[in-house]
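Scroll down for the structure; my scribbles are underneath it.
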Amino acid sequence: MTVRIAPSILSADFAILGEQIAAVERGGADLIHLDVMDGHFVPNLTIGVPVVRSIRKVATVPLDVHLMIEEPDRYLESFVDAGASMISVHLEVLPHLHRTLQAIQELGAKAGVAINPSTPVGMLEEVAGMVDHVLVMSVNPGFGGQTFIPRSESKIQAVRALLNRQGNSAPIEVDGGVDMSNAAHLVGAGATILVAGTSIFGTGDPERAARELRQAADAKARV
Ligand code: DX5
Ligand code: ZN
């Protein structure tokens, strides 16, 4: 089993973003996680398409775009055109989730469903056979630096079981409060993409933090 590390730039220093991305790539980052927030679905504003386009020019790994916005369908093409390889949309805002996932795939990107801590796993049932990944929110979306919600671990197991039942080996991404203390547990539960913001960019040495997180995750993955 291969575990991927996806540093979230939400906690990076935006004045030196290129350098920060280069640092985590030296530390072994497999993806760069980009949190797009609209101030409606979540109570915060962050980055949009132009920033993704600029990051695409400096990053050497795929871009994993997490859309925390109310009407993602309006922007899918722009984000893929800007360089997104993976796009996660929130189930909670999409009455036509199947159509949205198909649209992402037709644009040539990986289509993922993100679920909030209060969203039941069963809501994924009808799309579990066609998703390219599932993003389990382990904090309420909107801000970096929040405390990991312990119940998320069993939720990851439940999502893994649901995907397996439908013959889908799609990876599970866990996002929020991920750090050295819980990385191994989360891999043990079935997460294979670890998103981490504060525990990487909140340290004085993002390169080292990324490397240590990957070591913690890999140790568990080899067991
Ligand atoms: C939260 C975002 C996360 C966030 C994680 O809404 O989706 O990607 O950056 O940050 P940490 O790792 O600090 O919880
Ligand atoms: Zn995120």
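Any chance region 111-118 includes a residue that's more than 16 Å from ligand 1 (Cβ to nearest atom), assigned to a loop (DSSP other than H, G, I, E, B) and open to solvent by 10 Å² or more (accessible area, probe 1.4 Å)? No, region 111-118 contains no residue that is more than 16 Å from ligand 1 (Cβ to nearest atom), assigned to a loop (DSSP other than H, G, I, E, B) and open to solvent by 10 Å² or more (accessible area, probe 1.4 Å).
One residue stands out among those in region 166-183 that are among the hydrophobic types (A, V, I, L, M, F, W, C) and out of contact with any Gly (no Cβ under 7 Å at 6 or more places or on another chain): the one that is surrounded by the fewest Cβ atoms within 10 Å (Cβ to Cβ), which is Met180.
Among residues of region 1-14 that are closer than 7 Å to Ala29 by Cα, those with a Cβ under 7 angstrom from a residue that is of a type in the set (Lys, Arg) and crowded, with 20+ Cβ neighbours inside 10 Å, sequence gap 6+ or separate chain, pair up as Ile5/Arg214. Residues that are of a type in the set (Val, Ile, Thr) and open to solvent by less than 40 Å² (accessible area, probe 1.4 Å) were ranked within region 184-204; the one that is nearest to ligand 1 (Cβ to nearest atom) is Val195. When the residues of region 166-175 are narrowed to those that are under 27 Å from Pro43 (Cα atoms) and in contact with a helix residue (DSSP H, G or I) (Cβ under 7 Å, 6 or more places away or on another chain), which ends up farthest from ligand 1 (Cβ to nearest atom)? Result: Ile172. Whether any residue in region 88-106 is modelled with pLDDT of 95 or more, open to solvent by 50 Å² or more (accessible area, probe 1.4 Å) and either in contact with a Pro (Cβ under 7 Å, 6 or more places away or on another chain) or closer than 22 Å to Pro50 by Cβ (or both) is what I want to check. No: region 88-106 contains no residue that is modelled with pLDDT of 95 or more, open to solvent by 50 Å² or more (accessible area, probe 1.4 Å) and either in contact with a Pro (Cβ under 7 Å, 6 or more places away or on another chain) or closer than 22 Å to Pro50 by Cβ (or both). Output yes when any residue across region 163-178 is within 16 Å of ligand 2 (Cβ to nearest atom), closer than 20 Å to Ala209 by Cα, part of a loop (DSSP other than H, G, I, E, B) and more than 13 Å from the chain's Cα centre (by Cα), and no when none is. No: zero hits. Each residue in region 124-148 was checked for being assigned to a loop (DSSP other than H, G, I, E, B), more than 16 Å from ligand 1 (Cβ to nearest atom) and surrounded by fewer than 18 Cβ atoms within 10 Å (Cβ to Cβ), and 2 pass. With respect to the stated conditions, Gly145 is on the phi > 0 side of the Ramachandran plot and touching a residue at least 60 places away in the same chain (Cβ under 8 Å). Selection of region 149-165 for residues being out of contact with any helix residue (DSSP H, G or I) (no Cβ under 7 Å at 6 or more places or on another chain) and open to solvent by 10 Å² or more (accessible area, probe 1.4 Å) yields Ile149, Pro150, Arg151, Ser154, Arg160, Ala161, Asn164, Arg165.
When region 179-204 is filtered for residues that are outside any helix (DSSP H, G or I), in contact (Cβ under 8 Å) with a residue 40 or more places away in the chain and in contact with a helix residue (DSSP H, G or I) (Cβ under 9 Å, 6 or more places away or on another chain), the ones remaining, listed by number, are Ala191, Thr192, Leu194, Ala196, Gly197, Gly202.
The values are calculated or read from the model by the stated rules, or taken from the named source; none is laboratory data. Nothing here was measured: the structure is a model prediction, and the numbers come from that model. Every residue, glycine among them, receives a Cβ derived from its backbone with ideal geometry; neighbour counts consider all protein chains shown. Only protein heavy atoms, including side chains, enter the accessible area calculation; ligands, DNA and RNA are left aside. Shrake-Rupley method; radii C 1.70, N 1.55, O 1.52, S 1.80 Å.
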